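Have a look at the structure below, then the notes.
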Amino acid sequence: MECDNRLNVAANLDSLGAIGQFIKDAAECAGLDKRAAYNLRLAVDEIATNIVMHGYEEASLNGNIEVSKEIREDALIITLEDSGVAFDPRTMNMPTEEDLSVPLEDRAIGGLGIYLTVNGVDRFDYERVNNHNRNIFEVKRNTIN
């Protein structure tokens, strides 16, 4: 299977399907197992949705999201880059075990998606470079030598 290394899409909700397909293809090219591929796609979808909703739409901005992949011997690295409002997801308060045990109807809204993101990949990082947000997802590959 031949995989593209980059995808550049408009930062709107209609682009989430294309981003999801890019991640699915990248995971297949990297040989990720189904669980790792699913968790990666969920994590990327959560951050991409936040970029669209909070980084662009709420700020009345237009722009793009660039998705790139790098397959290393030991890992698949996905990077989302955008020029929306600066936001480091790692600064969000993560729910505690106690928070997670509260029934859904009694929980505060928000924060769970970022929790799933951080816990769904082997490494999640964020950096702001040249007025661009860079969200980095790393998933270890199950390589057999």
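We did not get these values from a lab; they are worked out from the coordinates using the rules stated. Quantities reported herein were computed from a predicted structural model and do not represent experimental measurements.
A compact table of results
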quantity: For residue 11, distant residues with modelled amide H under 5 Å away; calculated: 63, 64, 65
quantity: Rounded to whole Hz, the Karplus (6.51, -1.76, 1.60) HN-Hα couplings of the range 9-24, x for glycine and proline; calculated: 10, 5, 7, 9, 4, 5, 7, 5, x, 5, 5, x, 5, 4, 5, 4
